[in-house]
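Student: First the structure, which I've put down as structure tokens, then a few questions once you've had a look.
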Amino acid sequence: MFFEILKSAVIGIIQGITEWLPVSSTGHMILAEKILNLNVSPDFWNMFKVVIQFASILAVIVIYFHKLNPFSPKKTPVEKKQTYSLWGKVIVAIIPAGVSGVFLDDLVDNVLSSSLVIAATLIIYGIAFIWVERQGKKPKTNTLEELTYKTAFFIGLFQVLSLVPGTSRSGSTILGAIIVGCSRFVGTEFSFFMAVPVMFGASGLKLVKFLAKGAVINTTEWAVMITGFVVTFFVSVWAIKFLIGYIKKHDFKPFGIYRIILGIIVIIAVATNFLPM
């Protein structure tokens with residue numbers, strides 16, 4: 001049991017970091033699954049990945065609770081109105097991915113969830129980040145209040161791209177936000193907020209499907225799940241705060257370079273039969 005719990009902690013660290021940094025949690029999780037080989041059933045593994053995603057969402061809610069809470073008694077009427085407006089923009093932004101996900105879910109699971117597709121998207125979006133940063137365009141939207149519903153919708157269109165494994169939900173939305181004229185800070189924070197309903201809905205659906213099967217969770221699996229959840233939560237809190245602090249002084253080029261390197265590693269792993277195609 002000890003080694004399975006240790007593996008769960010490592011996976012929690014990977015999830016907590018890669019869910020929020022624009023480097024693709026999917027690309028890292030397939031490597032983690034292969035290398036660590038957590039000794040659980042396939043159904044539990046799929047459910048476990050969902051549970052630790054909930055931990056990532058919880059981290060956003062805890063950090064930004066006041067900012068996202070329109071009912072806070074500490075807010076002025078103007079601030080409450082701005083919060084409602086922010087949620088309205090989030091809802092508009094998640095519509096494209098929500099609608100597309102319904103129709104593309106099977107295609108993604110059965111056709112696009114391959115190692116080579118993940119490697120390709122890691123590299124392509126890595127190059128895209130470097131290219132966008134080299135343009136050096138001055139952002140037009142520097143605060144969430146300046147973010148329009150139209151801009152929010154366009155950012156949502158970029159989130160549709162994240163349905164392809166390896167793209168990175170945060171990566172596609174941040175990249176899209178920068179392209180449509182948002183500052184790194186606005187794009188990053190808005191990406192965090194978009195994640196709450198999107199990940200909650202997707203993860204909740206998968207969790208319900210797992211529980212509907214009537215699966216029984218044993219003692220080791222409970223320990224694995226609790227450990228993964230707790231570790232993911234605290235690492236997510238760190239990752240979110242790190243990224244917000246990082247972008248105040250730096251750009252996303254290092255993440256682009258990292259994505260390209262990881263994509264090459266995945267290709268090598270496939271070529272050496274370490275990973276399936």
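The values are calculated or read from the model by the stated rules, or taken from the named source; none is laboratory data. All of these numbers come straight from a predicted model, not from anything done at the bench. In this analysis, Cβ positions are derived from the backbone assuming ideal geometry, glycine residues included, and neighbour counts consider all displayed protein chains. Calculation scope for accessible area: heavy atoms of the full protein, side chains included, ligands and nucleic acids excluded. Shrake-Rupley method; radii C 1.70, N 1.55, O 1.52, S 1.80 Å.
Student: Which number in (1) in contact with a helix residue (DSSP H, G or I) (Cβ under 8 Å, 6 or more places away or on another chain); (2) closer than 21 Å to S172 by Cβ; (3) open to solvent by 20 Å² or more (accessible area, probe 1.4 Å) marks the one condition that A97 misses?
Tutor: Against the list (1) in contact with a helix residue (DSSP H, G or I) (Cβ under 8 Å, 6 or more places away or on another chain); (2) closer than 21 Å to S172 by Cβ; (3) open to solvent by 20 Å² or more (accessible area, probe 1.4 Å), A97 comes up short only on (3).
Student: Now for a separate question. Please determine whether any residue of the stretch 16-33 is closer than 18 Å to A202 by Cα, assigned to a loop (DSSP other than H, G, I, E, B) and of a type in the set (S, T, N, Q).
Tutor: Yes, the conditions are met somewhere in the stretch 16-33.
Student: Among the residues of the stretch 231-240, is there at least one that is surrounded by fewer than 14 Cβ atoms within 10 Å (Cβ to Cβ) and touching a residue at least 40 places away in the same chain (Cβ under 8 Å)? Talk me through it step by step, then tell me what you get.
Tutor: Step one: list which residues in the stretch 231-240 are surrounded by fewer than 14 Cβ atoms within 10 Å (Cβ to Cβ), which gives none.
Scanning the stretch 231-240, I find no residue that is surrounded by fewer than 14 Cβ atoms within 10 Å (Cβ to Cβ) and touching a residue at least 40 places away in the same chain (Cβ under 8 Å), so the answer is no.
Student: Hey, another quick one. Got a number for residues in the stretch 178-195 being open to solvent by less than 20 Å² (accessible area, probe 1.4 Å) and part of a helix (DSSP H, G or I)? Working first, answer last.
Tutor: Keep residues of the stretch 178-195 that are open to solvent by less than 20 Å² (accessible area, probe 1.4 Å), which gives 181-183, 186-195.
Among the residues that remain, those that are also part of a helix (DSSP H, G or I) are: 186-195.
Of the residues in that region, 10 qualify.
Student: So, one more: Sort out which residues of the stretch 247-277 are among the charged types (D, E, K, R) and part of a loop (DSSP other than H, G, I, E, B), and write them in order of number. Working first, answer last.
Tutor: Filtering the stretch 247-277 for residues among the charged types (D, E, K, R) gives 248-249, 251, 253, 259.
Once the filter is applied, which keeps residues that are among the charged types (D, E, K, R) and part of a loop (DSSP other than H, G, I, E, B), the stretch 247-277 yields K248, K249, D251.
Student: Return the pair list, or none, for Cβ contacts closer than 8 Å from residues in the stretch 150-175 that are on the phi > 0 side of the Ramachandran plot to residues that are modelled with pLDDT under 95 and in a loop (DSSP other than H, G, I, E, B), at least 6 apart or on different chains.
Tutor: Once the first residue is on the phi > 0 side of the Ramachandran plot and sits in the stretch 150-175, its partners that are modelled with pLDDT under 95 and in a loop (DSSP other than H, G, I, E, B) give G166/S24; S168/P22; S168/V23; S168/S24.
Student: Spot the failing condition for V40; the list is (1) part of a helix (DSSP H, G or I); (2) surrounded by 14 or more Cβ atoms within 10 Å (Cβ to Cβ), and only one is missed.
Tutor: Failed condition: (1).
Student: What's the total number of residues in the stretch 58-89 that are surrounded by 12 or more Cβ atoms within 10 Å (Cβ to Cβ) and over 21 Å from T188 (Cα atoms)?
Tutor: Residues that pass the stated criteria total 4.
Student: What number of residues within the stretch 212-228 are in a helix (DSSP H, G or I) and either hydroxyl-bearing (S, T, Y) or surrounded by fewer than 21 Cβ atoms within 10 Å (Cβ to Cβ) (or both)? Show your work before the answer.
Tutor: The initial filter retains those residues of the stretch 212-228 that are in a helix (DSSP H, G or I), namely 212, 219-228.
With the extra rule that they be either hydroxyl-bearing (S, T, Y) or surrounded by fewer than 21 Cβ atoms within 10 Å (Cβ to Cβ) (or both), the set shrinks to 212, 219-220, 222-223, 225-227.
Count: 8.
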